[in-house]
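Enquirer: What follows is a structure written as structure tokens; I'll ask about it next.
The values are calculated or read from the model by the stated rules, or taken from the named source; none is laboratory data. No experiment lies behind these values; they were computed from the predicted model shown. Positions of Cβ are generated from backbone atoms using ideal geometry, with glycine treated the same way; all protein chains shown enter the neighbour counts.
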Amino acid sequence: MSLALFIEQLLNGVQFGLMLFLMAAGLTLVFGVMGLINLAHGSLYMIGAFICAGVAAATGNFWIGLAAGVAAAAAAGAIIEVTVIRRLYARDHLDQVLATFALILILSEGTSMLFGPFPLYLSRPDSLAGTVHLGFGFNYSLYRLALIGFGVAVAIGLWMLITRTQLGVRIRAGESDREMIAALGVNIKALYTVVFALGAALAGLAGALVGSIQSVQVGMGEPVLILAFVVIVIGGIGSIKGALVGALLVGVIDTMGRFLLPRLFDLLFEAGRATDIGAAIASMLIYMLMAAVLLLRPKGLFPAHG
Amino acid sequence: MDETRKEFWLNAVLLIGLFATPVIALMIDEPFYVTLSTRVAIFALAAVGLNIALGLGGMVSFGHALYFGLGGYVAGIMAHHAFSGVPMVFGLSGSDQMLVIWPVAMLLSGLIAAIVGALSLRTSGIFFIMITLAFAQMAYYFAIGWPTYGGEDGLSIFVRNQFPGLNTMQTWNMFLLAYGALVIALVLFAMLRNARFGAALMAIRQNPERVAAVGISPFGIKLAAFVISGMITGLSGAMMADLNRFVSPSMMSWHTSGQLIVICILGGVGRLFGPVAGAAVFVGFEVVFGGLTQHWQFWLGLVLLGVVLFARGGVIGIIAGRERHG
């Protein structure tokens with residue numbers, strides 16, 4: 001194992017973590033402000049990826065596709081919020097889980113009706129093809145590096161939005177006392193729609209960006225959704241900072257676990273199956289992390305409400 | 001007719017209807033419907049298990065596929081070793097006897113449910129939903145990654161496991177086993193609900209602080225209910241593996257967990273026969289719409305959304321009226 005490989009895996013972990021952050025930020029905002037558990041968040045990720053792939057294929061330009069994907073996810077989020085989600089805020093978590101589970105079925109099957117059963121391919125933009133030299137004879141994929149840049153930029157942008165703008169003030173106020181800000185004359189319904197659409201746009205952005213390093217297919221959102229839930233539970237539900245820390249933890253631990261554990265098991269045990277066992281345990285690692293965090297800090301690392 | 005009587009008669013119709021369907025199917029020589037009824041019975045059994053945690057205890061477990069899949073893998077792995085003659089771990093030999101496999105499946109499911117429950121019940125609300133999901137995902141990915149028993153491809157059971165005095169390869173006999181297990185589980189559910197244990201469990205769902213204040217520890221009662229719940233779902237998994245003669249990680253997927261909750265809700269959560277009605281609706285939907293379009297889940301989603309938003313008592317609630325408590 002060379003140092004270059006190690007650094008490459010570490011960067012992959014950071015990149016994965018930042019993409020998870022885009023997903024988790026929306027989930028945690030929606031939960032923090034509206035108290036809603038949204039399983040259909042992964043479907044918005046899928047919509048972003050499909051629209052991006054479709055538009056990029058039609059126009060031949062990745063960036064137009066990306067913009068279209070984000071816009072489509074935001075629009076889908078706003079429509080879903082107004083038609084369905086709005087009726088769920090006052091319900092218990094069980095109803096929310098079920099209704100958004102139903103939305104997953106509808107959106108997944110709907111997508112497969114529209115785009116057919118086969119995966120789409122989204123190629124990365126030409127300007128970001130190839131690798132970049134990072135010194136010490138080490139090359140890294142330019143596109144993945146750009147994803148890291150994107151992730152950091154969005155994290156900063158989101159932080160600015162929450163702390164520095166009028167909308168951010170309202171979002172934070174909505175988190176602490178929704179009746180009060182409604183009484184102060186803020187249109188709480190519109191605020192909820194905006195927050196939901198913002199979360200949807202972030203999910204769509206993640207889907208469109210990741211779409212070109214994976215295949216774009218129905219059901220692609222579900223594994224990511226579950227990881228995003230792990231992230232926000234670790235970070236503390238409702239906390240953007242928690243989502244960032246949790247996402248990086250999950251991204252790096254998952255990637256490094258898959259990379260290192262099989263090798264470690266190979267060294268420790270002689271049996272031929274050691275690598276497989278290492279790989280199997282590596283895939284469970286983040287769930288163990290989540291269980292451990294919940295046991296030590298039942299409200300996550302950065303509890304949002306006291 | 002008052003609502004309790006209505007629900008009683010509806011239950012009777014469900015119980016007799018589920019038995020009569022395969023009888024009629026055999027008479028008109030349509031064995032497909034016998035297998036289908038077996039599927040309904042096994043899904044209903046799984047959901048009766050979940051109904052104890054979800055309906056009586058109010059514990060929204062989003063990870064019951066774990067026990068379903070665990071039961072399935074117990075049946076698959078024991079049959080695999082019985083077939084090959086190679087001993088399992090610790091030199092234990094496999095078995096192709098259902099009367100051996102079922103207790104093992106239930107004990108193992110109960111043990112895992114005790115561990116998962118003890119850890120998860122420290123949390124509540126959305127955290128409980130997520131941590132039960134996480135444990136099920138852990139098992140799911142382990143099953144995918146573990147190559148000894150087929151990994152992602154799953155494991156076939158070449159010859160269906162044996163039950164003394166019955167030829168289990170005949171669909172009717174398999175139905176009888178599933179139906180018998182379902183009836184026993186329903187009796188157990190009714191007994192639990194009417195016992196002091198059930199009263200305490202339902203009281204905890206409604207107001208844990210008040211229950212704690214009268215000197216009953218909510219944790220122990222909930223954990224016991226969670227373990228019983230997992231054991232019943234584990235048994236159903238072993239039966240489903242035998243019915244399909246196949247077990248795969250998808251039995252443990254979060255889709256399966258979601259389906260089990262959907263079955264409970266479609267039928268009417270917390271009601272004795274809710275899981276039976278829900279399983280019948282679910283499997284019926286799968287067959288009717290699945291025959292018409294490969295996108296049947298789209299329509300299932302719409303129906304489910306409608307039930308959640310507008311008909312919260314499920315099928316039994318629509319016919320027999322809403323429950324007055326809870």
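Enquirer: Only one of A:Phe269, A:Phe229, A:Phe259 is within 14 Å of another protein chain (Cβ to nearest Cβ) and among the aromatic types (Phe, Trp, Tyr). Can you tell me which? Walk me through how you get there before you give the answer.
Expert: Details: A:Phe269 fails: within 14 Å of another protein chain (Cβ to nearest Cβ); A:Phe259 fails: within 14 Å of another protein chain (Cβ to nearest Cβ).
None of the other options fit; the residue is A:Phe229.
Enquirer: For B:Pro249, which of the numbered conditions (1) within 30 Å of B:Met202 (Cα to Cα); (2) modelled with pLDDT of 90 or more; (3) in contact with an Asp or Glu (Cβ under 8 Å, 6 or more places away or on another chain) fails to hold?
Expert: (1)
Enquirer: Additional query: Based on this model, can you work out whether B:Val74 counts as within 14 Å of another protein chain (Cβ to nearest Cβ), within 19 Å of the chain's Cα centre (by Cα) and assigned to a helix (DSSP H, G or I)?
Expert: Numbers: within 14 Å of another protein chain (Cβ to nearest Cβ): no; within 19 Å of the chain's Cα centre (by Cα): yes; assigned to a helix (DSSP H, G or I): yes.
So B:Val74 fails the test.
Enquirer: What's the number of the condition A:Ile156 fails, among (1) of a type in the set (A, V, I, L, M); (2) touching a helix residue (DSSP H, G or I) at 6+ places or on another chain (Cβ under 9 Å); (3) under 30 Å from A:Gly54 (Cα atoms)?
Expert: (2)
Enquirer: Where in region A:144-237 are there helices (runs of 4 or more DSSP H), lying wholly inside it, with at least 2 residues that are in contact (Cβ under 8 Å) with a residue 24 or more places away in the chain and surrounded by 14 or more Cβ atoms within 10 Å (Cβ to Cβ)? Steps first, answer last, please.
Expert: Values: elements: A:166-176, A:178-183, A:188-211, A:221-235.
Hits in region A:144-237: A:166-176, A:188-211, A:221-235.
Enquirer: While we're looking at this one, here's another question. Of everything in region B:56-71, what is of a type in the set (S, T, N, Q) and closer than 18 Å to B:Ile42 by Cα? Give them in sequence order. Outline the logic, then answer.
Expert: From region B:56-71, those of a type in the set (S, T, N, Q) are B:61; that's our starting set.
Residues satisfying the conditions do not exist here.
Enquirer: For residues in region B:135-167 being part of a helix (DSSP H, G or I) and either on the phi > 0 side of the Ramachandran plot or hydroxyl-bearing (Ser, Thr, Tyr) (or both), which is nearest to the other protein chains (Cβ to nearest Cβ)? Please lay out each step first, then the result.
Expert: Residues of region B:135-167 part of a helix (DSSP H, G or I): B:135-145, B:147-149, B:151-153.
Imposing the further condition that a residue be either on the phi > 0 side of the Ramachandran plot or hydroxyl-bearing (Ser, Thr, Tyr) (or both) reduces the set to B:140-141, B:148-149, B:151.
Numbers: B:Tyr140: 9, B:Tyr141: 4, B:Thr148: 7, B:Tyr149: 11, B:Gly151: 8 Å.
Checking each candidate, the answer is B:Tyr141.
Enquirer: Of these, A:Leu225, A:Leu249, A:Leu289, A:Leu264, which one is under 18 Å from A:Gln9 (Cα atoms), touching a helix residue (DSSP H, G or I) at 6+ places or on another chain (Cβ under 8 Å) and modelled with pLDDT of 85 or more? Steps first, answer last, please.
Expert: Numbers: A:Leu225 fails: under 18 Å from A:Gln9 (Cα atoms); A:Leu289 fails: under 18 Å from A:Gln9 (Cα atoms); A:Leu264 fails: modelled with pLDDT of 85 or more.
The match here is A:Leu249.
Enquirer: While we're here: Can you pull out every residue in region B:241-258 that is within 14 Å of chain A (Cβ to nearest Cβ) and among the aromatic types (Phe, Trp, Tyr)?
Expert: Going through region B:241-258, the residues within 14 Å of chain A (Cβ to nearest Cβ) turn out to be B:249-250, B:252-258.
The one that is within 14 Å of chain A (Cβ to nearest Cβ) and among the aromatic types (Phe, Trp, Tyr): B:Trp254.
Enquirer: Looking at B:Phe32, B:Phe62, B:Phe83, which one is assigned to a helix (DSSP H, G or I) and over 17 Å from B:Arg160 (Cβ atoms)? Can you show your working first?
Expert: Values: B:Phe62 fails: assigned to a helix (DSSP H, G or I); B:Phe83 fails: over 17 Å from B:Arg160 (Cβ atoms).
Matching residue, one of B:Phe32, B:Phe62, B:Phe83: B:Phe32.
Enquirer: Further question on the same structure: Just to be sure I understand the filter: pairs with C-beta atoms under 9 Å, separated by 6 or more residues or on different chains, first member in region A:93-116 and buried (at least 24 other Cβ atoms within 10 Å of the Cβ), second member among the basic types (Lys, Arg). Which pairs pass?
Expert: A:Ala99/A:Arg87; A:Ala99/A:Arg91
Enquirer: Turning to a different aspect of this structure: Please pick out the residue among A:Leu27, A:Leu66, A:Leu20 that is within 14 Å of chain B (Cβ to nearest Cβ), buried (at least 24 other Cβ atoms within 10 Å of the Cβ) and either out of contact with any Lys or Arg (no Cβ under 8 Å at 6 or more places or on another chain) or assigned to a helix (DSSP H, G or I) (or both). Spell out the reasoning first.
Expert: Working: A:Leu66 fails: within 14 Å of chain B (Cβ to nearest Cβ); A:Leu20 fails: within 14 Å of chain B (Cβ to nearest Cβ).
Within the list A:Leu27, A:Leu66, A:Leu20, the selection yields A:Leu27.
Enquirer: Would you confirm whether any residue within region B:106-115 is away from chain A (no Cβ under 14 Å) and touching an Asp or Glu at 6+ places or on another chain (Cβ under 9 Å)?
Expert: Taking region B:106-115 first, the residues away from chain A (no Cβ under 14 Å) are B:106-111, B:113-114.
Retained after the next criterion (residues that are touching an Asp or Glu at 6+ places or on another chain (Cβ under 9 Å)): none.
No, region B:106-115 contains no residue that is away from chain A (no Cβ under 14 Å) and touching an Asp or Glu at 6+ places or on another chain (Cβ under 9 Å).
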